[in-house]
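Read the structure below first, then the notes.
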Amino acid sequence: MMIPAFLKPFEAMASAELGGHKNLVIIQLSGGNDGLNTIVPYGNDIYYQKRTTIAVGKNDVVKLDDMQGLNPNLSALKEIYDQGWMGIINSVGYPNPDRSHFRSMDIWQTASESNQFLTTGWIGRYLDSNCAVCKNPYTAIEVDDTLSLAMKGAKMKGIAVEDPDKLFQTTREPFFKELVHNHNDANLNEDNLGYLYKTMAETYSSAEYIQQTSKTYTVKGDYPATPFANQLKTVSKFINSGLETHVYYVSLSGFDTHVAQQPQQGRQLKIYGDAVAAFIKDLKQTGKLDDTLVMTFSEFGRRVEQNASNGTDHGTANNILLFGGKLKKAGIYNDAPDLVQLDNGDLKYTVDFRDVYATLLDKWLDVSNSVVLGKEFGRMKFI
Amino acid sequence: MDNLRQIKHLYARAGFGLRFDEINAARNLDISQALTGLFKSSENYQPLDIITGDAGYTTMLRGDKAERKQFMQLQRRQERSLNEAWMERMSNTDAVLREKMTLFWHNHFACRTRQAQFAQQLNNIQREHALGNFRELVLEVSRSPAMLQFLNNQQNRKGHPNENFARELMELFTIGRGNYTEQDVKESARAFTGWGFNKDGKFAMRSFLHDDGEKRFLGKTGNLTGEDIIDRLLGQKQTAVFISTKLYKYLVNETPDAGHIAAMADVFYRNNYEIKPLLQFVFTAPWFYGEQNVGNIVKSPVELLVGLNRQFYVNYQRPEIMLQFQKVLGQVLFYPPNVAGWPGGRNWIDSSSLMYRLKIPSIILNGGVIDFKGKADPEEEAYIAASHNQQQFVNARIQAQADWDKLLKSIPPGTSKNNIAAFILQPPVSKVLATELGRAADIKTALIQSVSTPEYQLC
């Protein structure tokens, strides 16, 4: 029986370069993380006036410069910051911001205008862009059990892998195996049935490739015992085993803190900070930090003024956190958020998030950003 | 194409698939008789009435932390029970055409609201008018608290227009992009100023907020009201074309055929936007039964689940598990990704969703265990933040039973495994599958294999 070419990634691999390539790791904080209590503008009195009960006290802030500092729950990141492996871009947003979670997340994941509805995600369109390395679903992996819109293109889609062994087992059930191996006529068709068989065959071979490749490497770094840290540990395993993957996507939930924010956000930030610090140190140890860039975003920030329930309501602009061994401009990239000139109580954005994406696409993933984003966005200088 | 295959195709598209116990009756019907039967069983409108009151939103706003938490829990319970009630309805009703079209309008007038009674009300509007008149449907949807709230028309007032509703009315609900100007959006937004709802969840025309100045919309000038705007939009044939295109993709083929769509639009427009004659036209058109239009539409996750529930008489002890399936498959009822609805077609399929789609039917039919959770909807984040619930997932047993006795009895004696597969699948049975079926120990195994195929993903 003839086996179609896409069932044989191993053979293809042998000829492909096995050396280091660049990895982008995207971390999504879901729920609208309060950026002002994450990177705290402790040098600005207005911050303390607007947040009488939930501000992070001056003495508790882990100071980065004389204006901004880390929430103490992120203290693990101080060391990373001091090494020049962390960057902070303040006031990132987009015109006519939408304050509903799902819509704003949709906008961030699809990189659309706020009045535009796209059915593909920005990483998906990167896969569609026909770039030299975008031939397989595993070019972009989401460490989760389902795939986000961000990872879906019109022709190509990434693959969701929470656990490589589990995915492998699922695809190896005897009945599936038979269908994949013996079905060759429908594979050649362009209709929906052909598309389904093609996706099935790609999943089948990707699952094998990911499992076989990643099992050759055991992560040595110490990670906290949280599900989120475990996901980053899986990313480390993938990167260090030499997987031909260029984009990784990971999410952490629980940032919609309308009520009694401090303990809730603190808990989540600690999970985030401890895991990211472990991940960065691990990659440094294995020599992969220079090839890796981590970007953290949330769908929006919160309003500047706290609400009556010791929480914060949905806002607009927010910070983006970057990590990597080769940041051109580490540390705080631009001015701290302006707390005086507000848009109806919300921060005004000074950096369009698509400028950040454009920079990643052009300078890190080597594709022209206008192909992916629909029009040309500016390039920034953080890499 | 033989008659049974035609009837099966009709039921796959006008409903959620034909059942074995319907074969004998269906075999003796011609298309027009079958269609008459479909309309007959969908004649009566029966609303969903599971949500009887609001979750106490105003009390919550005044309340303390405990009350807020209680409110959030009640809200979640209501959302779940509404979802379950509709899944249950689709899975068991005889009014399949009405429910199938309700699902179409649910996606066409895509809307989100955290207030379950508003969601139920809008869903009932879509159900009531599912086979009725499109003008009335648009008008009722435009007056529903769910939509007024979702598209910010509550904030649309004289001197401070909010254009959100007016824009989507044109772009997504009626005429489509490229057939109006930005000025038309502005002018029509003024016409809808004052359209809102009161605290009882009823439409309220707040005249004191309404701009009754002169407006110019699509070439017509006057003191136009919201109703005038809707009439003007429906007066354009393009609206009939726009709706026909969307319906063609839902019922016939995801790739539009300009000729067939033009014919549909003629019928729709000529009949003053009556939906029934349009459906009759489609379901009796010879091209509807063309080979290229059979077994080639990717079922939505809801269609997949409902079809399975119906064909296997699945009974769930924990119906909330269906919500979990919707989550991992990417379609949670009442939670469209945005006002444009679910994109559908191949967008349903990626590596993981396909694996789940191939696996879930056998898990349900075998009462198996699921070990996947799916993503939280962004709207659930507040609940997750407040409840310390980090979505730790425990494997869960499905607790559902198919009625195998009833099913096996309804299969005509002597039917081969191949013919059983050919009945349950819309695309032809491939050689590989036929070989596999040949090895299946019994009919039950053959059935489970048939629903675990890529072919079963199509209708």
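The values are calculated or read from the model by the stated rules, or taken from the named source; none is laboratory data. Since this is a predicted model, take the numbers as computed values, not measurements. Here Cβ is always computed from backbone atoms with ideal geometry, including for glycine, and neighbour counts include all displayed protein chains. The area values use the complete protein model at the heavy-atom level, side chains included, leaving out ligands, DNA and RNA. Shrake-Rupley method; radii C 1.70, N 1.55, O 1.52, S 1.80 Å.
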*Could you give the C-alpha radius of gyration of region B:301-457 expressed as a fraction of 2.2 N^0.38 Å, taking N as the number of residues it contains?*
1.16
_Mean shadow area of the protein assembly as shown, taken as a quarter of the surface of its Cα convex hull (nm²)_ = 34.6 nm²
*Return one whole number: the accessible area per residue of region B:154-252 in Å², for a 1.4 Å probe.*
44 Å²
_Accessible area expressed per residue, region B:65-117, with surrounding protein chains retained (probe 1.4 Å, Å²)_ = 37 Å²
*Quick one: check the C-alpha center-to-center distance for region A:22-51 versus region B:1-21, whole angstrom.*
56 Å
*Determine the residues within region B:68-84 where the difference in accessible area between the chain on its own and the full set of protein chains amounts to at least 50 Å²; count protein heavy atoms only and use a 1.4 Å probe.*
B:68
*Just the number, please: Stokes-Einstein D of region B:173-215 in µm²/s, Kirkwood Rh from C-alpha pairs, 25 °C, 0.890 mPa s.*
205 µm²/s
*Could you give me the radius of gyration and the Dmax of region B:155-235, taking only the C-alpha atoms into account and expressing both in angstrom?*
12.2, 38
*On a C-alpha basis, how far is the centre of region A:195-255 from the centre of region B:279-356 in Å? Whole number, if you could?*
29 Å
*Determine the sum of side-chain charges near residue A:303: Lys and Arg each +1, Asp and Glu each -1, restricted to other residues whose C-beta is under 15 angstrom from that of residue A:303.*
-4
*Pop out the ³J(HN,Hα) list for region B:279-294 in order, Karplus 6.51 cos²θ - 1.76 cosθ + 1.60 with θ = phi - 60°, rounded to Hz; leave Gly and Pro as x.*
5, 4, 4, 4, 6, 10, 5, x, 5, 4, 9, x, 3, 5, 9, 9
*Within region A:132-229, GluC sites (Glu not before Pro) in DSSP loop having at most 16 other beta-carbon neighbours inside 10 Å*: A:190
*Of all DSSP beta bridges in the protein assembly as shown, antiparallel share, percent nearest 5*: 55 percent
_Where region B:301-457 is the region considered: accessible area per residue in Å², 1.4 Å probe_ = 35 Å²
*Accessible-area composition of chain A, carbon plus sulfur, in percent [1.4 Å probe]*: 49 percent
*Past 25 Å, Cα to Cα, is the threshold; run A:78/A:284; A:215/B:327; A:22/A:237; A:63/A:328; B:65/B:199 against it and keep the listed order.*
A:215/B:327
*Compute the Rg/Rh shape ratio of chain B: radius of gyration over Kirkwood radius, all on alpha-carbon atoms.*
0.99
*Go ahead and run the numbers for FRET between residue B:28 and residue A:290, Cβ-Cβ distance against an R0 of 51 Å, rounding to 0.05.*
0.10
*Give me the percent of the accessible area of region B:155-235 that comes from carbon and sulfur atoms, probe 1.4 Å, all protein chains in place.*
47 percent
*Return the value, in Å² to the nearest 100, of accessible area buried between chains A and B (probe 1.4 Å, both sides summed).*
4800 Å²
*With r as the distance between the Cβ atoms of residue A:307 and residue B:366 and R0 = 35 Å, compute the FRET efficiency 1/(1 + (r/R0)^6) and round to 0.05.*
0.10
*Out of all DSSP beta bridges with both ends in chain A, state the antiparallel percent to the nearest 5.*
40 percent
*Once fully extended, how much extra length lies between residue B:284 and residue B:74, figured as 0.36 nm per residue of separation less the alpha-carbon to alpha-carbon distance?*
71.0 nm
*On a C-alpha basis, how far is the centre of region B:145-205 from the centre of region A:71-114 in Å? Whole number, if you could?*
32 Å
